[in-house]
Amino acid sequence: MLTDVFVPHNRWDLLEPYPEPVPTVSVVIVHYEQQAELERTCSALARQTLAPLEVVIADDGSATPPRPPRCGLDIRVVRQEDLGFRAAAARNLGARHTTGEVLVFLDADTVPEPGFLAALVRTVARCPDALAVGRREHADFSGVAVDADPRTARRLPPPRWLAEAYAGSRDLLDADGRSFRFVISAVLACRAALFTELGGFDERFVGYGGEDWDLAYRAWNRGAVLVRESAAVAWHDGPDWAGRSAAGDSLDAQTLRLAALIPEPLTRGAPLPADLPDVLVDLAPGADVVRTTHSLLAQTSGDLRVRLPADVDPAVRELYGAAVWTRGWSDDQRRRCRARLVVSAPLARGAVEAAMAVLVRDDLGAVDLVADGDVVATLTSSRCLGRVERWRHRFTPDDVISAFGRARVTVDAVPSDGHSLEHFFSTLGR
């Protein structure tokens, strides 16, 4: 059973007065050569106060297939070929074999306390936008019985940076566009419908880590409500990865992959000539194609892609070449851009950057760019558009934009009438 409560922004605290339904929960455990750890984790799942509907063990190509532990749960195993560390693909494989309303992702070496599932899904069950992360602690399970309470293991220090992030954001209540870094797939939950909408984990991630940040980034961009459920505790067998000697090279590889796929400026570091830009730009009907496109390519915020109208003059298409887009936007582009911009007139340099700063800072639905009293462009957040789509059967787009908020940013006008293109180009280049 689920209930659907709409909250503005990331205000999961507003869900508190609503009753907590009891959903059907499917647990997906990613596994590779970890039979002993799997026995312990499944034993802990059998002791949950909220019993899982089913457990799917997603094996990432172990030489010896995992044996489903005998613990009274409905457990089945799905497997994929060993083509390297492919946790993203394994989790997707497991998710495809589930039937529950809510998906919970666990690692085979992460042992939940008895109240873990109930605590982890409490927000997800009330809000279809919720993406919940639990509280992962670290312990040494050497010599600890398989069916022992995980709290009896020798405790290891948790990563300080993550604890500080949760404390500083009030368990992600104050999340922003960079908070995807605080979501970890070892203790993760969302509705099955949201997971499908997001396209699951990105299977381009091969090697340790990053796929959880990427999923959380796309979720935030689709209007997700991020919440850290501090009462949902699970214990990882061993230290945090950052404390291991092999972490350096793996983290660098992870950073490169994230920069390629996530256009958020502090993740990417610099605008890239890639097909996954930060802002997708369309020209409004009647806009001066050349002057408006030129003004956009001259913006200080360079991580944008302009799409030309389908009927544009061939000479204009030749002029811009690979600098513009001429096809429909892909699902990947729409899921990853932080904003959509519709422009009806040339924009002054810095206009897009100024509007994006306001949009992102205040988690707004839209920002109108105004020059000489006229709206010359509208910047709409992908977060808001994702929420519009998810709630389309109950609210109008204007309702959702109003819930996020709308602002106006005044920008300099760009004189374009009465001047030749030569004059316009030379003025724009100064």
* Asked: Just to be sure, is V146 among the aliphatic types (A, V, I, L, M) and within 17 Å of the chain's Cα centre (by Cα)?
  -> no
* D129 vs. criteria under 15 Å from the mean Cα position of the chain (by Cα), among the charged types (D, E, K, R) and within 24 Å of G94 (Cα to Cα) -> yes
* If F425 passes every condition in (1) surrounded by 16 or more Cβ atoms within 10 Å (Cβ to Cβ); (2) among the aromatic types (F, W, Y); (3) out of contact with any Asp or Glu (no Cβ under 9 Å at 6 or more places or on another chain) but one, which one does it miss? -> (1)
* Just a yes or no: is a residue in region 235-256 out of contact with any His (no Cβ under 8 Å at 6 or more places or on another chain), buried (at least 21 other Cβ atoms within 10 Å of the Cβ) and either of a type in the set (G, A, S) or under 26 Å from V400 (Cβ atoms) (or both)? -> no
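Would you point out the residue of region 275-304, among those that are of a type in the set (D, E, K, R), at pLDDT below 95 and within 26 Å of the chain's Cα centre (by Cα), that is farthest from V376 (Cα to Cα)?
My answer is D275.
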* Does R394 qualify as being of a type outside the set (A, V, I, L, M, F, W, C), crowded, with 16+ Cβ neighbours inside 10 Å and closer than 20 Å to A224 by Cα? -> no
* Asked: Tell me, which strands (runs of 3 or more DSSP E) lie completely within region 1-114 with 3 or more residues that are under 24 Å from Y217 (Cα atoms) and not assigned by TED's automatic domain parsing to the domain that holds A125?
  -> none
* To do: Answer yes if at least one residue in region 338-354 is without any contact (Cβ under 8 Å) to a residue 40 or more places away in the chain and not assigned by TED's automatic domain parsing to the domain that holds D174, and no otherwise.
  => no
* **Top-ranked residue in region 276-316 [being exposed (fewer than 13 other Cβ atoms within 10 Å of the Cβ) and not hydroxyl-bearing (S, T, Y); ranked as farthest from L421 (Cα to Cα)]** => A310
* To do: Of the numbered conditions (1) over 26 Å from the mean Cα position of the chain (by Cα); (2) modelled with pLDDT of 95 or more, E16 fails exactly one; give the number of that condition.
  => (1)
* Any idea which residue in region 44-78 is farthest from A232 (Cα to Cα), counting only those that are more than 31 Å from the chain's Cα centre (by Cα) and small (G, A, S)? -> A63
* Asked: So V281 clears everything in (1) touching a helix residue (DSSP H, G or I) at 6+ places or on another chain (Cβ under 8 Å); (2) in a helix (DSSP H, G or I); (3) among the aliphatic types (A, V, I, L, M) except one condition, right? Which one?
  -> (2)
* Filter region 99-111 for residues that are crowded, with 22+ Cβ neighbours inside 10 Å and within 26 Å of E197 (Cβ to Cβ) and give the result. => V102, L103, V104, F105, L106, D107, T110
* I75 versus (1) out of contact with any Leu (no Cβ under 7 Å at 6 or more places or on another chain); (2) touching a residue at least 40 places away in the same chain (Cβ under 8 Å): which is the lone unmet condition? -> (2)
* With respect to L188, is the statement that it is touching a Leu at 6+ places or on another chain (Cβ under 7 Å) and modelled with pLDDT of 95 or more true? -> no
* Does region 149-166 include one or more residues that are of a type in the set (A, V, I, L, M, F, W, C), farther than 28 Å from P17 by Cβ and not in a helix (DSSP H, G or I)? -> yes
* To do: Report whether or not G223 is crowded, with 23+ Cβ neighbours inside 10 Å, out of contact with any strand residue (DSSP E or B) (no Cβ under 8 Å at 6 or more places or on another chain) and assigned to a loop (DSSP other than H, G, I, E, B).
  => yes
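The values are calculated or read from the model by the stated rules, or taken from the named source; none is laboratory data. Treat the numbers as computed from the prediction; the structure is a model and nothing was measured. Cβ coordinates were reconstructed from backbone atoms using ideal geometry, including for glycine residues, and neighbour counts include every protein chain displayed.
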